[in-house]
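Written below as structure tokens is the structure these notes are about.
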Amino acid sequence: MTEADRDYEHYEAVVVGAGPGGAAAAARLADAGVETVVLERGVEAGSKNVSGGLIYAEESAPYTIDELFDGFRENAAERPITEYHLHNVSGNKVKSFDISRLHHHDTEWSDAVLRRPMDSWLAEQVHEKTKEVGGGLLTDIRVNGLLRENGEIIGVTCDEIDPITADIVIAADGVNSELARDAGLMDWDDPEEWFQGVKAVVDVPPEAINERFGVGADEGAAHLFSGDLFEGVRGGGFVYTNEDSLSVGTVFHLDSLAAERAEPHELLDALLTHPFLAEWFGDEYSEREYAAKLVPDSKKVAHGSPHEDRLVLVGDAAGQMQAQGPIIKGMNHAVTAGALAAEAFVEAKNAGDPDAAGENYERKLRESGTMRKLRPRRYKAASAVGENGVATAISDAVLKSPLGSLGVKALERVGALDRLYSSPFMAMMVPDTRTPYVTLPSVIAEELGDPVDGESAVEPPDLADRIGGLAYDTDIGNPHIELLDNSYEASGVAVTACPVSARDFGGGCYREETVKTNGSTEQVVSLDTQPCVECGTCAVIADTDWEHPSGGKGVEFRSG
Amino acid sequence: MDTLTLTKGVPDFREGQVSFDEDGHLERGETPTVMNPNDRFALQAALQTKVRHGGRTSVMSMGPPGYKEVLGEAMESVYADDLYLLSDREMAAADTWATSITLGTAIEKLGLPDLIFAGFKTADGETGHTGLQTCWCLDIPIITHVVALDIEPEKGRVRAKRLVEGDVEEIETVEAPMPAMIVADPEFEPSYRTAGERLTLKDLRAKTSKRGEKYEEYLTVWDHEALNLDPDYIGLDGSPTIVESVDPIPKAPAERDATMVDPGDPDGLEDVLEEMEPFRAELAAGGD
């Protein structure tokens, strides 16, 4: 400890963010007797968190969440996912594949979860564990940056409390990590590096779920959708069964969403109102919550060396979100990374060199095979040809031609499509182009699919009602996002890509405005952060100065 | 750092709770008793002191036996180590003078704490005298209208920011030796600027919710004999104040009618605009 440190409150470890990554890190630190404080900006852990909804325990992973937290599955999770289906859609034609084999590959178990109940349960366990070693977990505290001394990171600064120094700072503060950006380890520059997910949690009674999905009370199903549902935007949809609700969502490549000027809530509605899903919702469609989240694409942004001085990044903050084809794994990697970061610090401390924690962590991520999952070599090789525009155009053209249709039929006859969709090896190489997301599924559905009869009676709420249904504690007079360039060229795409904004909608964050000045008209964008769901989309695609709201302020998700 | 907070039960004056008879007199039997709302700020000051410096936190009230529930309410609101109720027929109908003598005696029996907290006037009497007179009985300094508090235990001093003339714009900082009385202003803001303080607060809150349910286990009741007080100097007999009569203040008659308009109803809003039209003309004609 230096002279400067003495003026500050000090803990051996500060963990920023109480999601699964932060919880795993804090639990491991506490188990090793490290005095640890966990700082969470939500009013309760989970109130700022959204996920599609499946958490995995991988057989090959060094840590799983139920090993770290006794009773996790009973107390914090929804239904175990016992079957997994993929549906290719073309108009009202649907061709389905059972991809349970792919789902079960390297999977000890996988449960659907809702983040508010899950994370708040974890936080209780973490508080009890960390309290034992002189620390604890605090909510309503936003860590807003790194504390430095002579240019070196020595702790964190916060909105609500005075700076804290620590021997290790574990940033598990999510996809829009302010600490990762303060350290210069992550940025928001390239839309190609991100996905945007939107989700509706829909009320369905447990018995109805059992009946409509053909599952037992302790079973659940996952369904994925791809094809021509989404106006050619690259991405897909999902439906997961919770105890007494369904998580229905869509995930799109942010660059594609921006380029197509697509409205995320409308794409979600396209899925919700497809006749294939109609019977799952029953007669009364009742939406519990609308939510959105930015998702890092680990293939492109998982940081190979996610540390700097005493700072280490964990989970989404380090881009550790694996999304390849139908495989979507984030929380499990965050758990592994959090536990490895804790392990790395404890070993470094015991060796008398706590500053070696970052290097230790990087090595452990590599040696445990975690980095290889996040940034697969096979993807690198395949994407080199697969994501090239010419290759996409050719494969798209071939697939759409009679030749392509014939090929798809031939593959189906020998059972090759089933095998293809069930292959973990193939899933790792799927390039991020229109071909696997849109063209191939559409052709498959068109050639092989069965038409779904009838119309959907589902009428999803409009955006105004969805925003109206969310809980906010607005930090009046203190907007957390500043629009740096309000020209339409710089920030106009936010009007459509922001999940709580839309063209011709006055109640969202971003609006188009026409300003007449001295005889000329100018197209500009205005921003009102009141309905913000803090997803971070506009940080990437518009010209903003983006921060999280202060502790306890902003949106509060009840399901997440 | 031991503290004592003084609190009082008052009629719940909130709409829907309070009941008046035809002459505008309070119907005491029909109106529930609650903790004096201003006392919450005193309790927050006591809690801040406990969080920052540790020590015992006690709460005291004087009143009929039913006022124990007011102490229970205090217990639910903040962490209290023990509760004291001064209750006895001989203490009944006391004015602020007799109340102060009773409180002062009880505080001496308890042992003078480092700080005594009180709220800024009660919702029923509104005199603001009891705290001052209790200080006079105990011969300790008092700082009123306190909005922020800083204690230096090793120096035995308390430093407080207080509103001058109740104006938020004008704040002075004063210091006093302890023991002292602090009267918390409704603008009092507790402040917890370290993780350690917030963790202690969280811990106390978790315990408070459990203790609040069984507050009677922490309750001590003292009558005049326990305090060794002469009935002639307390209660009605010890009160020099004579209340001649109470005049109800008539409620101002409402001169305006309210009409509800759904903002989504264009016809309704059209009507509103029509109603406002004459005022626009008035403004345009040179109003300011």
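The values are calculated or read from the model by the stated rules, or taken from the named source; none is laboratory data. A quick note: this is a predicted structure, and the numbers were derived from the prediction, not measured. Every residue, glycine among them, receives a Cβ derived from its backbone with ideal geometry; neighbour counts consider all protein chains shown. What goes into the accessible areas is simple: the full protein's heavy atoms, side chains included, and nothing from ligands, DNA or RNA. Shrake-Rupley method; radii C 1.70, N 1.55, O 1.52, S 1.80 Å.
The table below lists the values:
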| quantity | calculated |
| --- | --- |
| Single residue of A:V201, A:V215, A:V156 found to be closer than 25 Å to A:A339 by Cα and either in the same structural domain as A:H104 (by TED's automatic domain parsing) or out of contact with any His (no Cβ under 7 Å at 6 or more places or on another chain) (or both) | A:V156 |
| Some residue of region B:51-66 being open to solvent by 60 Å² or more (accessible area, probe 1.4 Å), modelled with pLDDT under 90 and among the small types (G, A, S) | no |
| Which numbered condition B:A45 misses (of (1) in contact (Cβ under 8 Å) with a residue 40 or more places away in the chain; (2) under 27 Å from B:G156 (Cβ atoms); (3) touching a helix residue (DSSP H, G or I) at 6+ places or on another chain (Cβ under 9 Å)) | (3) |
| Count of region A:125-145 residues which are touching a Ser or Thr at 6+ places or on another chain (Cβ under 8 Å) and either over 15 Å from B:L201 (Cα atoms) or more than 9 Å from chain B (Cβ to nearest Cβ) (or both) | 6 |
| Test for B:D150: is it more than 14 Å from chain A (Cβ to nearest Cβ), over 22 Å from B:P113 (Cα atoms) and open to solvent by 60 Å² or more (accessible area, probe 1.4 Å) | no |
| Checking B:E172 against (1) away from chain A (no Cβ under 14 Å); (2) in a loop (DSSP other than H, G, I, E, B), the condition it does not meet | (2) |
| Lone qualifier among B:P153, B:P141 - being touching a residue at least 60 places away in the same chain (Cβ under 8 Å) and not hydrophobic (A, V, I, L, M, F, W, C) | B:P153 |
| Residue list for region B:98-127, restricted to those being under 30 Å from B:E27 (Cα atoms) and more than 18 Å from the chain's Cα centre (by Cα) | B:A98, B:I101, B:T102 |
| Helices (runs of 4 or more DSSP H) enclosed by region A:237-348 - at least 1 residues per element that are farther than 30 Å from A:G468 by Cβ, under 20 Å from the mean Cα position of the chain (by Cα) and acidic (D, E) | A:254-259 |
| In region B:189-224, residue nearest to the other protein chains (Cβ to nearest Cβ) [restricted to those that are outside any helix (DSSP H, G or I), free of Cβ contacts under 8 Å to residues at least 24 places away in the same chain and open to solvent by 80 Å² or more (accessible area, probe 1.4 Å)] | B:R193 |
| Test result for A:R101, closer than 22 Å to A:A292 by Cα and either out of contact with any helix residue (DSSP H, G or I) (no Cβ under 7 Å at 6 or more places or on another chain) or more than 14 Å from every other protein chain (Cβ to nearest Cβ) (or both) | no |
| Subset of region A:146-177 [more than 13 Å from chain B (Cβ to nearest Cβ), within 29 Å of A:V50 (Cα to Cα) and assigned to a loop (DSSP other than H, G, I, E, B)] | A:A172, A:D173, A:G174, A:V175, A:N176, A:S177 |
| Residue in region A:356-367 that is hydroxyl-bearing (S, T, Y), modelled with pLDDT of 95 or more and either open to solvent by 10 Å² or more (accessible area, probe 1.4 Å) or outside any strand (DSSP E or B) (or both) present | yes |
| The one condition in (1) under 31 Å from the mean Cα position of the chain (by Cα); (2) surrounded by 13 or more Cβ atoms within 10 Å (Cβ to Cβ); (3) part of a helix (DSSP H, G or I) that B:I182 fails to fulfil | (3) |
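Residue-wise test of (1) away from every other protein chain (no Cβ under 14 Å); (2) open to solvent by 10 Å² or more (accessible area, probe 1.4 Å); (3) hydrophobic (A, V, I, L, M, F, W, C).
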site	(1), (2), (3)
A:L29	yes, no, yes
A:A32	yes, yes, yes
A:I65	yes, no, yes
A:F69	yes, no, yes
A:A76	yes, no, yes
A:T82	yes, yes, no
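So that you can scan it fast, the table gives a plain yes or no per residue for (1) modelled with pLDDT of 95 or more; (2) touching a strand residue (DSSP E or B) at 6+ places or on another chain (Cβ under 9 Å); (3) not assigned by TED's automatic domain parsing to the domain that holds A:H87:
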| site | (1), (2), (3) |
| --- | --- |
| A:E243 | yes, yes, no |
| A:L254 | yes, yes, no |
| A:E266 | yes, no, no |
| A:E308 | yes, yes, yes |
| A:V312 | yes, yes, yes |
| A:Q320 | yes, yes, yes |
| A:P326 | no, yes, yes |
| A:A337 | yes, yes, yes |
